[in-house]
Structures are given as structure tokens and as C-alpha cells.
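The values are calculated or read from the model by the stated rules, or taken from the named source; none is laboratory data. Treat the numbers as computed from the prediction; the structure is a model and nothing was measured. Every residue, glycine among them, receives a Cβ derived from its backbone with ideal geometry; neighbour counts consider all protein chains shown. Just so you know, the surface numbers come from the protein's heavy atoms only, side chains and all, with ligands and any DNA or RNA stripped out. Shrake-Rupley method; radii C 1.70, N 1.55, O 1.52, S 1.80 Å.
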Amino acid sequence: MPDTDSMPDTDSSAEEDVEKSLLEARVKALETDLRQKKEIILAQHTKLEAFFESSIDALVQMDFDGHITGWNQQAAKIFGWSADEILDQRIEDTIIPVRYRAAHRKGMKRYLETGEASVLNTLIEIHALHRNGHEFPVEMSLSVLDSPDVQEFNAYIRDISERKHAETVIWNQANFDSLTSLPNRNLFLQKLEHEIRSCDRSNQSLALMYLDLDRFKDVNDSLGHEMGDLLLIEIANRLQKVVREIDTVSRLSGDEFTIILGNIDDQLAVQPICQELLDALAQPFQLDNEKVFLTASIGVTFYPQDSKDIESLQRNADQAMYAAKAEGSNRFNFFTPELQQRALRKRKMIGDLRKAINEEQFEIYYQPIIDLHQDKVTKAEALLRWHHPESGLVSPAVFIPIAEETGLISEIGSWVFYKAIEKASQWRERYNPDFQISINTSPTQWIDEAAAMSQWFAQLDELGISGQAVSVEITEGLLMDARDKITNRLLDFREAEIQIAIDDFGTGYSSLSYLKQFDIDYLKIDQSFIRNLDYEQNDLALCEAIIVMAKKLGIKVIAEGVETENQNRLLKEFGCDFGQGYLYSRPVPAPEFEILLDEWDQKEESGSTQVTA
Ligand code: C2E
Ligand code: MG
Ligand code: MG
């Protein structure tokens, strides 16, 4: 029997071979599997890395100890650190600005203790620190991986400097005046609201000032807009120098400024500031080689004493400022309830005035103008009257300035013109083919672009009467304002044969060279000179001089406001051409004026020269 132990066992060695080769195969398979898995993982990793690196956001990873564990290229780009330099460094020593580090530590600690963090999984805007030390705004979203295997924060960070800059530019444009860099109306209103709230909290008052430059338009027109701009910049500087840092100077528009004085109680405290502001502006402005002098008017109101409402406060300050202007400019004025009453009355009048034409509340009165050489009524002045439904007869001295201010004068003036030439046409037919009606015009009618004046010529044509049937009265000021538009209009009138009279002569510039230049037909000597003729030697001499001079220039003279027989006599002696005044007649409605013309006709026939009103 063979010793099986010592005999080679062919069967078992074959088995071993099989097992070995099976093992080898398994190892191989495992190796392949492993290799494949490795390749897959590698591929995934490469993909992830590519994703990580190609992100337009900076991706920063951090472990729970605050060390940086991940840092992509974009992070390197916006923070200035390469991955090699920053990995393993603490985040709070590198990209968090110093002033936020304590807060960061506190937040981390809280998260580790409680698992809560308000900044997780939302988009927040914060500031980050560049390697070179400058801070910049970023948008960040932060997530956390908190498992037994991985404990990591992931931050997606985007540099939003450009967007923030654009937002700032837009905000500045919306809130600041680009010329003076002062807050504009928008920001002024925000600040006013803010100041009012802080007054409420602290139980204090504030003063609101409106400051408007006097005659700035003239300065601007004469110096040119560039100089005007320089002037405004300098004005803004001076205003800011007078007030305290906490006060807000704003520019609302053109030459309109506001000042909010916080924490101020009464007029006593504001008065010296107003005076200082006026004084600061009264110093001459040196612009290139020009020295410019300027004044301003200021209106002041108090919160909460005068009003608690932001709109009323603005209106109050505006009214007070206008009152300062009306009192002669270069002064300040405090808001009072009477001012408000006055303004309310005015606002009502504006509303009423708008309705007056359509509701036929206007009537023209006529006052005769006497030819002193012939003792004959050859002209009349058309004087507007307003029959107000509640207030009765309102004087033109009251409503004309308001009509001028609101631009309503153009429509009213055209109405007067049309009604007056109708009458002129009738009276030329009935009484005297040379009869002429004198019509008052306001400067605004000549300046206003949309003025209906250009239609006046067509209206004369429509009635088939000559321009000689009318003369228009203008003020001296209009001639001084020799803008092309006005000069051309005056020439148009001349071409239409309409005559031109200077009203209230002697109260303005009284410049004779202008009269000559514009070929003026009549001077109306202002009634203030005629009134004093009886006893004022100066006025006597002045009237005589005006008459003599006008004669030399070929201009006819009309004396206004003749009330006494003595004035009538003196004017005749001086050779004055025409007289107008209560001595001859007050202004009267058209039907009465016709009776008056009849009487004058009869007087002429009976040879009487003595007239009474
Ligand atoms: P004005 O053009 O200087 O008119 C003369 C004013 O003196 C008139 O006042 C007239 O009634 C008044 N008056 C006439 N004679 C005498 C007199 O002997 N003594 C005194 N104390 N006054 C006399 P009225 O009618 O109140 O008109 C005032 C001003 O209103 C006018 O001054 C004129 O500037 C303006 N106005 C009147 N109607 C119109 C109009 O239709 N358009 C424009 N734009 N202004 C007008
Ligand atoms: Mg007049
Ligand atoms: Mg007059």
C-alpha cells in the first residue's frame, strides 16, 4: 500500500492549482474593479474640481476650527491669495475684515454649541478683505456639511463692487444736485422727514428755511449760464459755511435753496443765522474778471409750532419767503397765520379769476383822454373791472398782478383787446373816424411765448379797422428788457400801425434814448407828478421838462390823473397834448361813456370849454 502521505497527491495539487488560479482571477477582478472605481472616482473628482474651479463664484471651504480647506481660482482672483498660500490658514485672520472678526467668532461659537446660524442658506451682503488690505462688498451664501465623516462650511462668494458702485452712482444721481453736490429735492424731503421724526422723539423743534436768490435770472441772463453755474456753486459753499454740520442745505431747483436747522427752538435762535446767511451772500462774488453782487430772500417756519405736516411746512416757508421778497428782498421773514390767510385768499382769487372770463364777470370801463389843444375827447383808456360774485367790484390793482403771476393775463389781455377794438370800431363810425382806444398790456404778455398777441392783427382785419384805432400801453421796464422777442413784437405792432404809449412815465428808468430807439408815440406822465403840480416846484419843473423834451423827440404827452382845474391850466400852458383824469371824467362803463361823448359833442357845438366830471 503506498504511503499516501508520502506519495504525491496528484488530485490535491490539482485542486490547489485551481484554487490559486481562482484566487488570482479574483484578485485580478478586484484589481480591475478597484482600478475602474479609482478611475471613476478620479473622473468624478476631476469633474468636481473642474466644477469647483470653473465656478464664477469664489468657493471657500472651512472646517469647524475655522481653517480654510478649499479655495478655488475665483477665490484666488478676488481675494489675492493663491490656494497654496491660504489653505490651512484661519479664515478670520485672512479674508474677514478686522471689524467683523469678533462677530464671526461669536457666530461660529453659537453654531457649534446650538447648530443654529442665521447666515446659513441665505444670500447675504457683507464686506470682505482683500490681501492688499482693502475691503470690498460681496454677496455670500453659506452652507454646512455636518456628518460624522465631513464637517465643513461651504461659502459661495461673489464680488459685487461694480454693482454697488453703479447703485451708488444711481443713488447719487437721484438724491444730489449734480452742479453743487448739495442734496436735491428728493433727499431734502427724506432728511426733513427724518429730522421731524427725531424732533418727535426728543421733543424738540426744527426750523425750515426757504432761500431764494433775488433777481438771479437777470444775473444768469447777463453773465451767461456758465458763470451762473459757477455762482451757484459758490453760493452753495457759502451757505454751507454759515450753518452747522448737522444742518442740511439742499438745492431744490434753479436758485431755490432750503436749509433744515435741527434742534432749534424759536425765532431768537434763527434770526442771527438768517442774518449771517444774508451777509455771506452780500459779499461780492468774484467770477473771472467780473464782480457780481447778489442778495437773497429767506422764509422760515417751525416744526411743530407752525405745522406738523410736511407739505404745509414747505408751503409756509415758501409763503414767508415770498413775503420777504414782496417787502423788498434781501431780508428774512417768519411764517405767520396771517400770511397763510393772505395766501389762502390769493389761492381762492386765482381759482375765481380762472372762471371770470367764461362767466362774463369782466367789464371794461372807459376813461376819456382829452386833446388839450382842441378841448375834445379823441381817445379813451380801456380799464378793466372785475365784478366778483361775492366781493363785488375788485380793483385791477389787486387782480392784475395775480393774473400776471399765473399767466392768466394773456387770455384776459386778449379778451380786453377784442372787446376794446369792437368799441373803437363803433365809436369811430358814430363819433369820430380818428377815435382811438388805449389798451394796457403787462410785460408778461410780451414775454410769454404762447401769448395770444399775434392774433390781435387778424382780429383788427376781421373788424375791418385800422391799427390806428388802438394804442397799446407798455411800461418802461419792457423797453429796457430789449430782448429780440420783444423788440420784434414791437416792430410787428408798428407795422400794423398800432401806436405805442409808455404808461406811468417817470416812475421807472425814464430813459429817453430808449424812447427814441423804439419810435414811441406817447408818454403818459405818471399821476404822482401831476398830483403835486399845484404845490411842488420840482414836479412842476419836471413835468415841463418832460413835455419840452418829448416835443423835441416828436413824442406826444398825455398827463394822467388830472384832478384840478389848476393842473389842467398849467398843463395847457406847458403845451401838454392830452389830459386824462377825474377832472374830465372817472372811468365809466361803455353806455355811460357814449353819453359822455354826446355831451362833449354838444359842448363843442355850444362853444363851452369848461368840463367837469
Ligand atoms: P394805469 O394804466 O396807470 O391807469 C390809470 C389808473 O389811474 C386807473 O386806475 C384810473 O382809474 C386811475 N385814474 C384815472 N384818473 C385818475 C385821477 O384823476 N386820480 C386818481 N387818483 N386816479 C385816476 P385803475 O382803473 O384802478 O387801474 C389801475 C391799473 O391797473 C392801471 O393803471 C393799469 O396799470 C392796470 N390795468 C387796468 N386795466 C388793465 C388791463 O386791461 N390790462 C392790464 N395789463 N392792466 C390793466
Ligand atoms: Mg394805463
Ligand atoms: Mg398810468
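Helices in the chain, meaning DSSP H runs of at least 4 residues, each add -39500 (n - 2.57). Divided by all residues, the mean residue ellipticity at 222 nm is -16000 deg cm²/dmol. How much of the DSSP bridge set in the chain is antiparallel, in percent, rounded to the nearest 5? Roughly 75 percent of the DSSP beta bridges within the chain come out antiparallel. This model, with +1 at the C-beta of Lys and Arg and -1 at the C-beta of Asp and Glu, gives region 53-115 a dipole about its Cα centre of some 480 debye. Taking a ≥ b ≥ c as the square roots of the eigenvalues of the Cα gyration tensor of region 362-606, is the shape rounded (a/c under 1.5), prolate (a/b larger than b/c) or oblate? Rounded, since a/c falls under 1.5. Nonpolar atom fraction for the chain, defined as the carbon and sulfur part of the 1.4 Å probe accessible area, stands at 50 percent.
Each part reduced to its alpha carbon centroid, region 458-472 and region 219-258 end up 48 Å apart. Within straight-line reach of Lys28, meaning a Cα separation under 17 Å, sit the following lysines at least 8 residues removed in sequence or on another chain: Lys20, Lys37, Lys38.
Quick one: of Lys379/Lys524; Lys556/Lys603; Lys419/Lys551, which pairs are farther than 23 Å apart, Cα to Cα? Lys556/Lys603; Lys419/Lys551, as the Cα separations exceed 23 Å there.
Per the Cα gyration tensor, the chain maps to an equivalent ellipsoid with semi-axes of 95, 28, 22 Å, ordered largest to smallest. Using a Cα-Cα cut-off of under 22 Å, which lysines could be cross-linked to Lys217, ignoring same-chain neighbours fewer than 8 residues away? Filter leaves Lys291, Lys325, Lys485. Straight-line reach from Lys191: taking Cα to Cα under 17 Å and skipping same-chain neighbours fewer than 8 places apart, the lysines in range are Lys308.
Rolling a 1.4 Å probe over the heavy atoms of the protein chains gives region 536-587 an accessible area of 45 Å² per residue.
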